[in-house]
Amino acid sequence: MRLNIVLIRSTAVAALGGLLFGFDTAVISGTTRAITTLDSLTPGSLGFTVLIALVGTTVGAFGAGIPGERFGRRDSLRGIAVIYFVSAIGSAFAWDWYSLLLFRFIGGIGIGASSVLGPMYIAEISPARLRGRLVGFFQFNVVLGILLAYFSNYLVGLADLGAAEWRWKLGVCSVPAAIFFVLLFGVPRSPRWLAEKGRINEARAVLLSTGEGDVDTQLREIVASVDMEHSQKNEPLFQRRYLLPIFLAFSIGMFNQLSGINAILYYLNDIFAHAGFNKVSSDLQSVAIGGTNLLFTIVGMSIIDKLGRKILLLTGAVGTAPSLAGVSYIFAVQRHQNLLVWLLVSYIAFFALSQGAVIWVYLSEIFPTRVRAKGQSLGSFTHWAMNTVISGTFPLVAASSGAYPFMFFSAMMVLQFFAVLFVYPETKGVSLEAMQKQMKASS
């Protein structure tokens, strides 16, 4: 099948949840110093300020499957847009540290839920041949959102807004959140969700509208998969037959964060400041890091369905491990700070090319329909739970030695290389229904 306007529009709109995901994830990096000064935060309380959003993210990721199954992927995404909007406005008008924590927690729920339901929706409207690139567009928007957050922080910083600067930085996210909500009224429901609810004619209509080449064959495969699901209603996720996909979901979510990616993104300005760079220089170098992230995410998206998921993950591990080791060395010896930005650029490039492009695609592929929502929630929950632990402890560990965190992250990338090499199956070009058989999840 070829791309048509409905498929393109549906993918683009759902992927806006990724843009909000990325923006809300990274925008905090430009406010940490101001909030620390305003509220007299210690390294521990600063870590908790970042961590509280991640607690919300973990809750959102783990619970997203419930509304996703009950109300559908599309309608649940509308609710997520409202959550982002409330969080942005509330954070901008926070009256004390505790109210800021509350609204950051609410925003975290939106991030976690969109990390599950956005890729799930796109995967379920996409043909196998294009699924990697289309689901990868969600990750593209995550990275674009990160870059826009860094650029937005830079522009707001130039506006000389004084003590209110950090409020404007956090409030900007309300604009794309409102746009996301409105645009979701122009996309169809997931055909797989419709089939699951017995609305076969509507599922057929969606498949036709998205340009599916062989609608009858595709619909039969979906219905057969859904019938299997209905025959095992309320199928528990944690059982022997799902052992492999459970391990894959858990490990890819875990290694994604053990790379240190979000700890680095959250504290990027602080990392540059710790190395001796001033505020404006830190903001500009953050934009450079964000630009690299975007560029190599595009590269990863363009080759994910050609080279496959496994090759990209292996390549990324080979590149990120020495880059992180180099950053650790700079902080250990307190010399060669001029190389810091280049090592971080190298790290971000290899991460974006591999884990950044692969994780949400892989999570959307490895579980059968009857437990897909639960399985993706598990992978996303693992991702965000590990993120919560690492990002919450990063300021404390880095305060004693800037080298230790990066040394640990480098070692984890070596471990990931061997896990992917010996355990991970390749999923490129395989339909979701065929993947169910390949994972030996059918009985």
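The values are calculated or read from the model by the stated rules, or taken from the named source; none is laboratory data. Just so it is clear, the structure is predicted and the values come from calculations on it, not from any experiment. Cβ: placed from backbone, ideal geometry, glycine included. Neighbour counts: every protein chain shown. SASA here: full protein model, heavy atoms, side chains in, ligands and nucleic acids out. Shrake-Rupley method; radii C 1.70, N 1.55, O 1.52, S 1.80 Å.
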Checklist line | Residue count for the range 294-322, restricted to those that are within 25 Å of Leu134 (Cα to Cα) and open to solvent by 10 Å² or more (accessible area, probe 1.4 Å) | finding: 15
Margin query: Can you tell me which condition Ile366 does not meet? The list is (1) assigned to a helix (DSSP H, G or I); (2) in contact (Cβ under 8 Å) with a residue 12 or more places away in the chain, and all the others hold.
Written below: (1)
Next item on the list: Would you be able to tell me the number of residues in the range 126-136 that are part of a helix (DSSP H, G or I) and either hydroxyl-bearing (Ser, Thr, Tyr) or buried (at least 24 other Cβ atoms within 10 Å of the Cβ) (or both)?
Entry: 5
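What are the residues in the range 157-174 that are assigned to a helix (DSSP H, G or I) and free of Cβ contacts under 8 Å to residues at least 60 places away in the same chain, if any? It would help to see each step written out before you state the result.
Narrowing the range 157-174 to residues assigned to a helix (DSSP H, G or I): 157-158, 162-171, 174.
If the condition is that a residue be assigned to a helix (DSSP H, G or I) and free of Cβ contacts under 8 Å to residues at least 60 places away in the same chain, then Leu158, Gly162, Ala164 are the ones that fit.
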Check: Is there a residue being in a helix (DSSP H, G or I), over 29 Å from Ser45 (Cβ atoms) and open to solvent by less than 30 Å² (accessible area, probe 1.4 Å) anywhere in the range 105-116?
Finding: yes
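Only residues that are among the charged types (D, E, K, R) and more than 17 Å from Arg372 (Cβ to Cβ): list them for the range 205-229, please. Walk me through it before giving the result.
At the first step, the residues of the range 205-229 found to be among the charged types (D, E, K, R) are 212, 214, 216, 220-221, 227, 229.
Within the range 205-229, Glu212, Asp214, Asp216, Arg220 meet the criteria.
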Notebook entry, point to check: Yes or no: Thr11 polar (S, T, N, Q) and under 28 Å from Tyr98 (Cβ atoms)?
Noted result: no
Next item on the list: Considering (1) β-branched (Val, Ile, Thr); (2) at pLDDT 90 or above; (3) touching a Ser or Thr at 6+ places or on another chain (Cβ under 6 Å), say which one Val82 fails and leave the rest.
Entry: (3)
Next item on the list: Name every residue in the range 369-380 that is open to solvent by 10 Å² or more (accessible area, probe 1.4 Å) and either part of a loop (DSSP other than H, G, I, E, B) or not basic (Lys, Arg) (or both), in order of residue number.
Entry: Leu378
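If the requirement is being in contact (Cβ under 8 Å) with a residue 24 or more places away in the chain and under 25 Å from Ala92 (Cβ atoms), which of these qualifies: Thr25, Thr37, Thr11? Full working, then the answer.
Working: Thr37 fails: in contact (Cβ under 8 Å) with a residue 24 or more places away in the chain; Thr11 fails: under 25 Å from Ala92 (Cβ atoms).
On inspection, the qualifying residue turns out to be Thr25.
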Next item on the list: Mind listing whichever residues of the range 1-34 are closer than 17 Å to Ser190 by Cβ and charged (D, E, K, R)?
Entry: Arg9
Next item on the list: Could you list, in sequence order, all residues of the range 138-167 that are modelled with pLDDT under 85, open to solvent by 20 Å² or more (accessible area, probe 1.4 Å) and under 15 Å from Gly118 (Cβ atoms)?
Entry: Phe140
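Where in the range 188-297 are there helices (runs of 4 or more DSSP H), lying wholly inside it, with at least 1 residues that are at pLDDT 85 or above and hydroxyl-bearing (Ser, Thr, Tyr)?
In the range 188-297, 243-258 are the helices (runs of 4 or more DSSP H) which contain 1 or more residues that are at pLDDT 85 or above and hydroxyl-bearing (Ser, Thr, Tyr).
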Next item on the list: Answer with yes or no whether Phe351 is out of contact with any strand residue (DSSP E or B) (no Cβ under 9 Å at 6 or more places or on another chain), farther than 30 Å from Arg240 by Cα and modelled with pLDDT of 90 or more.
Entry: yes
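Could you tell me which of the residues Ala399, Ala325, Ala403, Ala411 is over 20 Å from the mean Cα position of the chain (by Cα), more than 16 Å from Phe247 (Cα to Cα), at pLDDT below 85 and open to solvent by 20 Å² or more (accessible area, probe 1.4 Å)? Full working, then the answer.
Working: Ala325 fails: at pLDDT below 85; Ala403 fails: open to solvent by 20 Å² or more (accessible area, probe 1.4 Å); Ala411 fails: at pLDDT below 85.
Within the list Ala399, Ala325, Ala403, Ala411, the selection yields Ala399.
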Check: Just checking, how many residues over the range 180-195 are in contact (Cβ under 8 Å) with a residue 60 or more places away in the chain, open to solvent by 50 Å² or more (accessible area, probe 1.4 Å) and among the aliphatic types (A, V, I, L, M)?
Finding: 1
